[in-house]
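First, the structure itself, so that you have it in front of you.
The values are calculated or read from the model by the stated rules, or taken from the named source; none is laboratory data. Just so we're clear, the structure is a prediction, and the values are computed from it rather than from any experiment. Every residue, glycine as well, gets a Cβ built from its backbone with ideal geometry; the counts of neighbours run over all protein chains shown.
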Amino acid sequence: MWSFNDERVARAIFASRIPVVSAVGHETDVTIADFVADLRAPTPSAAAEIVSRNQQELLRQIQSAQQRLGMAMDYYLANRSRRFTQIFHRLQQQHPQLRLARQQTALERLRQRMGFALEARIKQANQRQQRVSQRLSQQNPQPRIHRAQSRIQQLEYRLTENIRSRLSEQRERFGNAVTHLEAVSPLATLARGYTVSTTTDGKVLKKIKQVKAGDIMTTRLEDGWLESEVKSVTPGT
């Protein structure tokens, strides 16, 4: 037991990176090792109980931490996935082609409604003409019949012209909308020879101070992307 009072042993225990439990002799025995160890136990069997108990508690804490970490990662990934899906759907709703498709659908529905309205008006006019003709034929007022027929033809002509004018106006408005959307479309800008460059983290480059020599940037062209390295940065005059 005297060897645990040796200075070299005491210094080695004190410098050890591994936790040391001192349990030399019996409960009444005291050595220098007891003062430099991380923990003193009265007997070797008591030291074994302390180490075993702490080890089990440590394993329990590790398992609990792993469970909490797993739950946190699952929540974070689910939240990021939900956010990505929301942004993706929002960008899809704002796409120029989708807006054009909506305008085309609206124009087609309007054309169908106006066509149905025209057919209904013509049918009503024909039915009215038949009723008037039958009524007048009973009284045989031929001049009134001719006037009524002429009036109906005029109404049919005016109605047809009105519907054609409305259709032409809607086509013109739709054409203007298509032209406007094509003018502001990013793809149309790229087709005219312009490009858009971004940094590696997705930020659009607007000023030269955003990059320095050696940086990597991605450039969007009309038909694809290219990646390049900045060789030098020269301010504009």
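Taking only the stretch 177-210 into account, find how many residues are of a type in the set (Gly, Ala, Ser) and surrounded by fewer than 12 Cβ atoms within 10 Å (Cβ to Cβ).
So the count comes out to 3.
Answer yes if at least one residue in the stretch 107-121 is touching a Lys or Arg at 6+ places or on another chain (Cβ under 8 Å), modelled with pLDDT of 75 or more and not aromatic (Phe, Trp, Tyr), and no otherwise.
Yes, the stretch 107-121 has at least one match.
With the requirement that a residue be farther than 30 Å from Leu100 by Cα, β-branched (Val, Ile, Thr) and either assigned by TED's automatic domain parsing to the domain that holds Arg99 or modelled with pLDDT of 80 or more (or both), what does the stretch 183-237 give you?
The answer is Thr199, Thr200, Ile208, Val211, Ile216, Val230, Val233, Thr234.
Scan (1) exposed (fewer than 14 other Cβ atoms within 10 Å of the Cβ); (2) not in a loop (DSSP other than H, G, I, E, B) for the single condition Ala213 breaks and write down its number.
Only one criterion is unmet by Ala213, namely (2).
What about Gln129, is it at pLDDT 75 or above, surrounded by 15 or more Cβ atoms within 10 Å (Cβ to Cβ) and within 45 Å of the chain's Cα centre (by Cα)?
Here the answer is no, as Gln129 does not meet what is asked.
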